[in-house]
Amino acid sequence: MGDMDDIVKDFLVESNENLDQLDRDLVTLEKDPTAREVLASIFRTIHTIKGTSGFLGFSHLESVTHVGENLLSQLRDGRLLLNGKMTSGLLAMVDVVRRILVNIENTGQEGEGDYTSLIETLTRLQGNEKKRKKTAPVVATLPTPPADSLPEPPAVSPSPPADLPSAPPAVALSPFADPLPAPPATEELSREPVNADPASPLGEILVQAGRTSPEEVNEALKLQHDGDSRRLGEILVEKGAAKPAAVQEALQVQAEARAPALSDSNIRVDVSLLDKLMNLVGELVLARNQILQFSSTQQDTSFLNTSQRLNLITTELQEGVMKTRMQPIGNIWSKFPRVVRDLATACGKQVNIEMEGKATELDKTIIESIKDPLTHLVRNAVDHGVEMPEKRLAAGKSPEGHLLLRAFHEGGQVNIEISDDGAGIDLERVKQKALEKGLITPDQAARLSDRELLNLLFLPGFSTAEKVTNVSGRGVGLDVVKTNIEKIGGTVDIQNRVGQGTTLKIKIPLTLAIIPALIVTSAGDRYAIPQVSLLELVRLEGEQARKGIEKIHGAAVYRLRGKLLPLVNLNHELRVEESGIGSDQIVAPGGSRTFAGAGSDAQSLDFASARSKHLLWKTRLRDFLDGKGTLTMAEARSHKDCALGKWLYSSGLEQFGKLPEMQHLENLHQQFHGAVREVISLKTAGDTARSEQELVRVESLSAQIVSLLTGLERQMAELNAVNIVVLQADDRHFGMIVDEINDTEEIVVKPLGKQLKGIPTFAGATIMGDGQVALILDILGLAQLANVVSEVRDRSVGEKSAETESRRDDGESLLLLRGPDDGRMAMPLSLVARLEEFARTAVEKAEGRHVVQYRGQILPLIHLSSALTERRQGPRISGSSEPGAEDEKIQVVVYTDQGRSVGLVVDRILDIAHETVKIQKHSGRLGTLGTMVVQGRVTELLDLKGIIQTADPDFFNEVVAA
Amino acid sequence: MAGKKQFSTFVVDQLLFGVGVEKVQEVIRYQEMTRVPLAPSVVKGLINLRGQIVTAVDLRRRLGLRERAAADLPMNVVIRHEDGAVSLLVDEIGDVLEVEEEAFELPPGTLAGEARELIRGVYKLKDTLLIALDTDKMLNLVTSAARGA
């Protein structure tokens, strides 16, 4: 690029802007060939370019625009009526002008293009009219008024009331001496001797221009007031108070007066300056966040007030600067009428384009990114969507196709919709093409849903176009569109109505730079989740945390108001170790890491059970001291041999030894036994009084032990709490488990360096109030990584299983077990609190029943085999129907109601199945509800409640007190 | 200035390295870093440099040297780069040295693989060798070695 004069630069900038306007104007004009203001505006633009190009020495440009100007002046004067050929010719001229301008920009020179054919065409288009002029007597005598001449207002003979304000074509008015039913060029109007105030009403303009009298105007106004619904101009002309030409002029002046008002309040600003401002505001937001954080620790009221003021001002400034970068989407859309016109003509179709929401504003950077995708989609709609006019007529539609562009703000996003009323997308063809191209297997083809088929169109290399035109159909379009839109955080969706048309919906987040976000902590680090992806927060504690998370086919899910929500563990996806209070201090049984939280459910229960052990033991101590010995002396005295001690010195310290509280516990416990020994020796010595005193100390120490254990239990329970962040990506919902949920904040999005841009889970980084860097999660990337949302091919499987899962919701989850006579039995999984395994040796006898110690409670056991005694007991293939047989472990299904539990001892737990419970045969047998088919096998459905009721009639009575 | 060049120098695992002074934006002490999960292992984390988020690359890892002891805190040499600043984590900061071009030699042929790529050459100084690093290659982390482990 050579050196450029400022003048040339300005010339290029202005001209390019004007050329865009020209495109729009010409297309508008084609629809309404008599639109005066448009014609005048077009003429002015070309005239200006011609003038300046002559001045700057661009001769090609000058000659091309000169010819165009000639044609335009004929049109403007009404001597010619615009037709399709002329429009095309003028549009061609605009393109040529553009091309030359590009040359000038690149090389400083016009280039050596040959534009003679264009010039000839444009000349010829005028030439026809020259012939016409000869037939219209009056018209021929008038020369084309050059821009700077000042003709007298032509002598006007009274003309019949024209249909104001639209001007009929010149030919029809040939009898008039006035060649122009419309006023001559605006330049002449502006040279009116009278200072007509353009902003005034029509009547005043006419009066000021001396074309009518104030009395006439008042009379006309009065008529209007009395109900005459005609326009003022019409009334005046009819009364003969003003001439049609004069009224026309006045209207012109009025129209123009309105236009310039807008442009005066605008100002041109360099985009890089705006970017700079935006950055500075971003920094200001960060600094403000820091000040706010700091101020929360301050007491000084004047400081607090000032920082609050700073906060308000920063917010407003941020909003204001963001607005400067916002541009109406109409800026991109403005090109489309031309695009559509050219394309439709090239395809031999007729397409009408409508645009709603042109004023919808987007950030400038977003506008740049979606310009090309939108253009492609619009071209697609014309090329592929809308049918040929004949086809449309045959289908009962209007021959002209309709393309509707809509834009609106919704839910923090900009929605853009491109709809056509064409033939829609033929899904069968899509399927065929996909099969042909090997994008899907025949198997998949059979299973794909409509939505998935449509999504195939977004695959690279896809196109159902019969032939590749140079317009579209190369098959490189839709996937690029989708990628570009996803790059700015948006989504694209197709809606198809076969035979009626297609709609493409695009959603884009409103702003890139400063966004509201939820801050969470995971593995000790903070992460920001853009609020636009956030749906809700769920916290599970205790029992819910244990039971709430279910596994289907190995994938964790949570039932959120009846719908299954796939779960993702952030720590797991980021492959970081779980951290948090004490996870490095706790060795889980078996050394395994648990799914949710750092503690495991068993651990909080360990403390609960330790506590109950201790309390139980203390009761026995009491007995012992009263002489009813169930304790041995050794047990009483030794801190290692009591119930608590046994636990403490085996698994207790092994698992929790590192916790400081445990040291304290040991200490207390030893003191406790020290006191017990004291009590015993005092008693033995006969000193009852002092032994009672000492007993008080024993109690107090015991109370401390109990409270310590309770505290630890609660800590573990807290660790067990599960925080689920419900998110949405690509229209799919999933839950993400994090360690902690912190706060919501407005954060400034800063891009990651090149080295880190490729990581799919992060969309950027931000600086928190305390100066630390936090990463911003890319929810879509995370979801893709976790396979919650995946590529089309996998998605079909995913959707299918999602469908199956939702079908599962209609069915029930059943627990399958082997019954006492090797038959299969089932019970609803919803009744099952837990599946446990106990060592046979753990089974104790109390009150004539078998029990086990379980979670700090005493769990009564019911043997399934005994409960179904009516069943014939044939020879068993393996196992036995009695407890105490070969197996070391027993399988127990735990049922809990109102805090009370009972365990059902079964032979073998087989599986979990999902079936719709359909009882084939009802059974009168106690303990079962009937027979059904599960997993293809005959299965008896257990009546769990009935069994429990039989075994323990009091079980379902209301629990009075804990 | 015939054949003289100024280097910003630093020590990594007792070796003296240098990059052209014009490439260095600044040198600062240890900064708290936020780790980046799933990032290449040479990326130790992100630092907040007066409001700018800068990626910190651990030179020991990048050059395939032994890991720093946990108690030792690295210093930051912030390098100007077309895509933004990047900080190199080094053990100690050295002086700015002026070296003669004549003292330059290409790396020996025996220097294997990855390191070869990152080193432009060696300047023979009076008591020691100054290893000149190629910053562009240093910051290009798409190599398999950088991504590994």
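Results, tabulated for the structure shown:
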read-out: The one condition in (1) without any contact (Cβ under 8 Å) to a residue 24 or more places away in the chain; (2) more than 30 Å from A:Met86 (Cα to Cα); (3) not charged (D, E, K, R) that A:Ile367 fails to fulfil; value: (1)
read-out: Elements of type strands (runs of 3 or more DSSP E) in the stretch A:702-769, at least 2 residues being away from chain B (no Cβ under 14 Å); value: A:722-729, A:732-738, A:740-748
read-out: Hits in the stretch A:90-130 (condition: small (Gly, Ala, Ser) and modelled with pLDDT under 85); value: A:Gly108, A:Gly111, A:Gly113, A:Ser117, A:Gly127
read-out: Cβ pairs under 6 Å, 6+ apart, first in the stretch A:855-869 and within 15 Å of A:Arg908 (Cβ to Cβ) and touching a residue at least 40 places away in the same chain (Cβ under 8 Å), second in a strand (DSSP E or B) and among the hydrophobic types (A, V, I, L, M, F, W, C); value: A:His863/A:Val905; A:Leu864/A:Leu904; A:Leu864/A:Val906
read-out: Residues (within 30 Å of B:Asp83 (Cβ to Cβ) and polar (S, T, N, Q)) located in the stretch A:724-766; value: A:Gln755, A:Thr761, A:Thr766
read-out: Residue count for the stretch B:62-92, restricted to those that are surrounded by fewer than 16 Cβ atoms within 10 Å (Cβ to Cβ) and at pLDDT 90 or above; value: 2
read-out: Scan of the stretch A:309-347 for residues that are more than 18 Å from A:Pro516 (Cβ to Cβ), assigned to a helix (DSSP H, G or I) and of a type in the set (A, V, I, L, M), ordered by number; value: A:Leu310, A:Ile313, A:Ile332, A:Val339, A:Val340, A:Leu343, A:Ala344, A:Ala346
read-out: Residues being within 11 Å of another protein chain (Cβ to nearest Cβ), farther than 17 Å from A:Arg575 by Cβ and not in a strand (DSSP E or B) - total across the stretch B:37-61; value: 2
read-out: Index of the failed condition, B:Thr34 passing every other in (1) more than 8 Å from chain A (Cβ to nearest Cβ); (2) closer than 29 Å to A:Glu573 by Cα; (3) hydroxyl-bearing (Ser, Thr, Tyr); value: (1)
read-out: Residues of the stretch A:483-534 that turn out to be among the charged types (D, E, K, R) and either surrounded by 21 or more Cβ atoms within 10 Å (Cβ to Cβ) or within 14 Å of chain B (Cβ to nearest Cβ) (or both), as a count; value: 2
read-out: Residue check for A:Glu654: away from every other protein chain (no Cβ under 14 Å) and either at pLDDT 85 or above or crowded, with 16+ Cβ neighbours inside 10 Å (or both); value: no
read-out: Candidates A:Gly84, A:Gly68, A:Gly89 - the one that is surrounded by fewer than 19 Cβ atoms within 10 Å (Cβ to Cβ), within 25 Å of A:Phe336 (Cβ to Cβ) and of a type in the set (Gly, Ala, Ser); value: A:Gly84
read-out: Check on A:Ser307, farther than 30 Å from A:Ile485 by Cβ, modelled with pLDDT of 85 or more, in contact with a helix residue (DSSP H, G or I) (Cβ under 6 Å, 6 or more places away or on another chain) and of a type outside the set (Asp, Glu); value: yes
read-out: Set A:Leu343, A:Leu304, A:Leu284: member being within 14 Å of chain B (Cβ to nearest Cβ) and either under 27 Å from the mean Cα position of the chain (by Cα) or of a type outside the set (Gly, Ala, Ser) (or both); value: A:Leu284
read-out: Condition check for A:Ile779: within 14 Å of chain B (Cβ to nearest Cβ) and touching a residue at least 24 places away in the same chain (Cβ under 8 Å); value: no
read-out: Output for the stretch A:839-866, where each listed residue is modelled with pLDDT under 80, part of a strand (DSSP E or B) and buried (at least 19 other Cβ atoms within 10 Å of the Cβ); value: A:Tyr854
read-out: Selection within the stretch A:478-506 - within 30 Å of A:Lys397 (Cα to Cα) and of a type outside the set (A, V, I, L, M); value: A:Asp493, A:Gln495, A:Asn496, A:Arg497, A:Gly499, A:Gln500, A:Gly501, A:Thr502, A:Thr503, A:Lys505
read-out: Residue check for A:Arg834: surrounded by 13 or more Cβ atoms within 10 Å (Cβ to Cβ), modelled with pLDDT under 80 and not β-branched (Val, Ile, Thr); value: yes
read-out: Residue that is modelled with the lowest pLDDT, among those in the stretch A:518-548 that are in contact with a Pro (Cβ under 8 Å, 6 or more places away or on another chain) and in a helix (DSSP H, G or I); value: A:Val532
read-out: Some residue of the stretch A:810-821 being at pLDDT 80 or above, away from chain B (no Cβ under 13 Å) and in a helix (DSSP H, G or I); value: no
read-out: Residue selected from the stretch B:8-23 under the condition crowded, with 20+ Cβ neighbours inside 10 Å and of a type in the set (Val, Ile, Thr), by the criterion nearest to the other protein chains (Cβ to nearest Cβ); value: B:Val19
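The values are calculated or read from the model by the stated rules, or taken from the named source; none is laboratory data. Just so it is clear, the model here is predicted, and its values are computed rather than measured. All Cβ positions, glycine included, derive from the backbone under ideal geometry; neighbour counts span all protein chains shown.
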